[in-house]
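**Student:** The structure that follows is given in the form of structure tokens.
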């Protein structure tokens, strides 16, 4: 008996706790079909059976569908706004900040946050929570070894101060690595941590359905302190953000104005 995509989604939810129904179907189905074909399978049923018995195949699947694309200082002009406008605003109220990098992928983003924060706060007083659904990518993030392409947009002062060059790779120094705490978290299913001054979630929600985005916006509101800021990606402006008790303070930066 053939398995259709609807049944495959249900089985994947039971197996991985990842709800493919919350992702844009046309885009996600195309990605999965491509992955199935690349691995030599011809239908969902045989591929699902292999996922249950082959850890490498399973890890590849989770990594692929969670779309781990990241780099340090992505969209540099937004990081300049964070440094020059957003962080001074937040630090007017608190001398230390609670910061969450959601869907952190390979660690580029939370480590960038630590470097930028260190311009204002002593390193030993900085802690960034970094979460992702993919254990494999977080293990890579903890190793913190990157290609020249990954750090190509990072200001030279950060590269020279915080990395050591080894052959063709750049290894992040321990003083920055130690300021990030990694934890597994599913934005679509798990309880959200609370009481943050700044949440950074960039270039992730574009893959989700509108219904899933609405719930995530509401949860981010509840995770922020009053007046806290949500930093979104360059293709992720929140339409009618006032519905979620946010107001834009800069492009792609939203301040919590009320509770939900």
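**Student:** So for 143, 98, fewest C-beta neighbours within 10 Å to most, what's the order? Before the final figure, lay out the partial values.
**Tutor:** Values: 143 13, 98 20.
Listing 143, 98 from fewest to most nearby Cβ atoms yields 143, 98.
**Student:** Wrap a convex hull around the Cα atoms of the range 61-123, take a quarter of its surface area, and give that in square nanometres.
**Tutor:** The orientation-averaged projected area of the Cα hull of the range 61-123 comes to 4.7 nm².
**Student:** What does DSSP give for the chain in terms of the percent of beta bridges that are antiparallel, rounded to the nearest 5?
**Tutor:** Values: 14 of 31 bridges.
Here the antiparallel bridges make up roughly 45 percent for the chain.
**Student:** While we're here: Have a look at the range 76-256 and give its Rg and Dmax from the Cα atoms, expressed in angstrom.
**Tutor:** In order Rg, Dmax, the Cα atoms of the range 76-256 give 15.9, 51 Å.
**Student:** Helix 25-38 against the longest principal axis of the chain: what's the angle in degrees, Cα atoms only, rounded to the nearest 10?
**Tutor:** Value to nearest ten degrees: 60.
**Student:** In whole angstrom, how far apart do the alpha carbon centroids of the range 82-136 and the range 1-77 sit?
**Tutor:** Computed from Cα coordinates, the inter-centre distance equals 30 Å.
**Student:** Given points 7 Å out from each Cα along the Cα-Cβ axis, report the residue 164 to residue 34 separation in nanometres with one decimal.
**Tutor:** 3.8 nm
**Student:** If one takes the longest principal axis of the Cα atoms in the chain, at what angle in degrees, from 0 to 90 and to the nearest 10, does the Cα axis of helix 55-65 lie?
**Tutor:** Tilt of helix 55-65: around 60 degrees.
**Student:** Sorted by packing (mean other beta-carbon atoms within 10 Å per residue), highest first, where do 197-203, 111-117, 70-76 land?
**Tutor:** Values: 197-203: 22.3, 111-117: 24.4, 70-76: 19.0.
Put in order of decreasing packing, that is 111-117, 197-203, 70-76.
**Student:** Calculate how steeply helix 5-16 sits against the longest principal axis of the alpha-carbon atoms of the chain, using the helix alpha-carbon long axis, and give the answer as 0 to 90 degrees to the nearest 10.
**Tutor:** Result, in degrees: 60.
**Student:** Given contacts defined as C-alpha pairs under 8 Å and at least six residues apart, what's the relative contact order of the chain, whole-number percent? Present the calculation step by step, with values, prior to reporting the outcome.
**Tutor:** Working: 383 pairs, mean separation 44.9, N = 260.
So the answer I get is 17 percent.
Throughout, read-outs are computed from the coordinates displayed, never taken from laboratory work. Just so you know, these numbers come straight off a predicted model, no measurement behind them. FYI the Cβ positions are ideal-geometry reconstructions off the backbone, even for glycines, and counts take in every protein chain you see.
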